[in-house]
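Asks: Can you keep this structure in mind? I'll have questions shortly.
All of the numbers you see were taken from the coordinates with simple rules; none came from a lab. Note that the structure is predicted; figures quoted are calculated from it, not measured. A quick note on method: Cβ atoms are made from the backbone with ideal geometry, for glycine too, and the neighbour counts reach across all protein chains shown.
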Amino acid sequence: MLIVTGANGGFGRAAATRLLEQLPRGELILTTRTPERLADLAQKGAQVRFADFDDPSSLRTAFADGTKMLLISTARVGTRVAQHVNAIDAAATAGVRHIAYTSVLGAAQANNPAIVKLDHRATEQHLERSGVHWTFLRDSQYSEAVAGAMVPGALAAGRRPDNSGSGRVAFVSREDCVACATEVLLQRGHENRAYDITGPELMTVEQALTMAGEIAGKPIVLDHVDDEAMFAYFDSLGIPRHASDVVPEGPIPWSSDDMVTFGRSIREGYFDVLTDHVERIAGRKPRPLREIMMSHRHLWPS
């Protein structure tokens, strides 16, 4: 049986829905802290089980009878490694033989300044030592993060500060990342491999926002700023500086440390990666950023 953790999140629910279309009834285990929110998927044949990564005792029952698992990284940047370790250890004890993990592009590059890579690489290293087969799905930046989070505010203001400079990103749709994650579980031959999951084209953040402005009919000015100015911008929005300042279950699950170092990572070229892994794993070409923007256009300010 296959297991999907964090199945009530956006990525997890999408993965679960896709797997339910391909697995016999009862062969998919979905774990979550809120089982009642997955009642609709239980009706479609999934086994929904309570699991709390902060409570290792809950994981032994949650992972029982599973053979492969999609471990979706939790949202607590800076404090989630212990959660992931609990999940990996419990899965190994329960007999899970293969764990696919949602990581980030550049996770294994020692000089990558993005602090988000620290959590991901520590989790990868624990998986490598766990004795189970692993697959690292190192996702590029989500297209939805641009189209759904970055663009609306930039359109409303007419401009946006950014510290990524002329660094390029092959923005990738979450749908393509989900497709790769589920196919890794359904197919054979992905054991002990790392994949860079990217979209079909490299572009700068400025080029992405220019595209959005053209689609919306309202130009967006990108202000190139340094890291300190970027911190000041996030301070003005009330975003906590450090992961340790983030309120658990609060309205803002990330820190400006995370986002500013992410921009620096782009600027220094750690996201300048283009692969054909989506096509090789999922059997289809990845969706371009423009297509994702068009699907979000109705949510943008007019």
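Asks: Determine, from the Cβ-Cβ distance of residue 79 and residue 40 and an R0 of 22 Å, the FRET efficiency 1/(1 + (r/R0)^6), rounded to the nearest 0.05.
Replies: Step by step, r from the Cβ atoms, then E = 0.10.
Asks: Another question about this same structure. Kirkwood hydrodynamic radius, the chain, all distinct C-alpha pairs: what's the number in Å?
Replies: Numbers: mean 1/r = 0.0502 Å⁻¹.
With all distinct Cα pairs of the chain included, I get 19.9 Å.
Asks: Roughly how tilted is helix 256-267, in degrees to the nearest 10 and between 0 and 90, from the longest Cα axis of the chain?
Replies: Around 70 degrees separate the two axes.
Asks: Could I ask something else about it? Which FRET efficiency value, to the nearest 0.05, do you get for residue 159 and residue 50 by plugging their Cβ-Cβ distance into 1/(1 + (r/R0)^6) with R0 = 30 Å?
Replies: 0.05
Asks: On a straight-distance basis, which aspartates and glutamates could pair with residue 117 in a cross-link, Cα separation under 14 angstrom, same-chain partners fewer than 8 positions away excluded?
Replies: Hits, sequence-local ones excluded: 139, 196, 257, 258.
Asks: Per residue, how big is the convex hull of the range 69-127 when only Cα atoms are used? Give it in Å³.
Replies: Cα convex hull per residue, to the nearest whole number: 70 Å³.
Asks: What is the distance in Å between the Cα centroid of the range 196-217 and that of the range 130-170?
Replies: 10 Å
Asks: If you line up the long axis of helix 227-236 against the longest principal axis of the chain, both from Cα atoms, how many degrees apart are they, to the nearest 10?
Replies: 80 degrees
Asks: Among the aspartates and glutamates, which fall within straight-line cross-link reach of residue 44, defined as a Cα-Cα distance under 17 Å, with same-chain neighbours fewer than 8 residues apart omitted?
Replies: 21, 27, 36
Asks: For the range 257-299 and the range 30-105, compute the distance between their C-alpha centroids and round to whole Å.
Replies: Result: 26 Å between the Cα centres.
Asks: With angles folded into 0 to 90 degrees, how steeply does helix 81-94 sit against the dominant principal axis of the chain? Use alpha carbons for both and round to 10.
Replies: Taking Cα atoms only, the helix is inclined about 30 degrees.
Asks: Using 0.36 nm times the number of residues separating residue 65 and residue 295, minus their current alpha carbon distance, what extension gain do you get?
Replies: 78.9 nm
Asks: Name the trypsin sites (Lys or Arg not before Pro) in the range 119-225 that are in a loop by DSSP and that have at most 13 other C-beta atoms within 10 Å, would you?
Replies: 188
Asks: Just from its helices, what would the mean residue ellipticity at 222 nm be for the chain, if runs of 4 or more DSSP H residues each count -39500 (n - 2.57) and the sum is divided by every residue, rounded to the nearest 500 deg cm²/dmol?
Replies: Dividing the helical sum by the residues of the chain leaves -11500 deg cm²/dmol.
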